[in-house]
1. With only Lys, Arg, Asp and Glu charged, each at its Cβ (+1 for the first two, -1 for the last two), find how big the charge dipole of the chain is about the Cα centre; round to the nearest 20 debye.
2. Can you give the angle from 0 to 90° between the axis of helix 43-54 and the longest principal axis of the chain, with both taken from C-alpha atoms, to the nearest 10?
3. Between helix 147-163 and the chain, what is the angle of the helix's C-alpha long axis to the longest principal axis, kept within 0 to 90° and rounded to the nearest 10?
4. Over all distinct Cα pairs, what is the inverse of the mean 1/r for region 29-113, reported as the Kirkwood hydrodynamic radius in Å?
5. Specify the inter-centroid distance of region 25-60 and region 80-136, based on alpha-carbon positions, in whole Å.
6. Hey, what's the per residue convex hull volume over the C-alpha atoms of region 95-212, in cubic angstrom?
7. List the equivalent ellipsoid semi-axes of the chain in whole Å, largest first, each obtained as the square root of 5λ for an eigenvalue λ of the Cα gyration tensor.
8. In whole Å, what three semi-axes, largest first, describe the equivalent ellipsoid of region 104-155 built from its Cα gyration tensor (square root of 5 times each eigenvalue)?
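Just so it is clear, none of the values below were taken in a lab; they were calculated from the coordinates. Treat the numbers as computed from the prediction; the structure is a model and nothing was measured. Don't worry about glycine lacking a Cβ; one is built from the backbone with ideal geometry, like all the others, and counts go over all protein chains shown.
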Amino acid sequence: MALRLGDTAPDFTADSSEGTISFHEWLGDKWGVLFSHPADFTPVCTTELGLTAKLKDDFAKRNVKVIALSVDPVDSHKRWIEDINDTQKTRVNFPIIADPDRRVSMLYDMIHPNANATQTVRSLFVIDPAKKIRLMITYPASTGRNFDEILRVIDSLQLTEYHSVATPGNWKQGDDVVIVPSLQDPEVLKQKFPKGYTALRPYLRMTPQPNR
Ligand code: BEZ
């Protein structure tokens, strides 16, 4: 059955450019991003992996570990990483899973046969420290992902997780947020939102971003 938000991210053990990885153990108590690439030595993927490497500090400060996947074997990944480092002027600083038998790709439903029978689409999963899937996005092979958006969603997920707020459409860092509707106790509201809030409607309560 296809994976859904809230499901436990399937565990697996696989080879990678940084050795054998047992996924849940590798994640430890961090958040995780697992994202797939159609194949090694493809242009869009090369730019995406370079971008991800350059965002190392942005992922680290959000307590997020990043891991990529492509259906090619480890020796190919290692040669490709040299190209990525060279052309994107960076150093790949995260593992790339080798999935030549498509075992992990199938586990995560990353192969969409009507798009391509053998290569993965651009799937991306954000996984929380309890190993629950919190975001799934799917892009076609020809469209590189927007990593600013991925960081934005992680910020939103973490605001919900740690501060009981949700983020409105087009929200960006520093904008007001909305108090989750399940929070109704006036004492809890006072304690959680010392800067106060504006109730535009009983269900639409805006408050300054709590962690700024
Ligand atoms: C790629 O880089 O993976 C790619 C580029 C153009 C079309 C399809 C895939």
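1. The calculation lands at about 820 debye.
2. Tilt relative to the chain: about 50 degrees.
3. Roughly 40 degrees between the two axes.
4. Result for region 29-113, one decimal place: 13.2 Å.
5. Distance between centres, Cα-based: 8 Å.
6. Spread over its residues, the Cα hull of region 95-212 gives 150 Å³ apiece.
7. 36, 18, 16
8. 22, 15, 6
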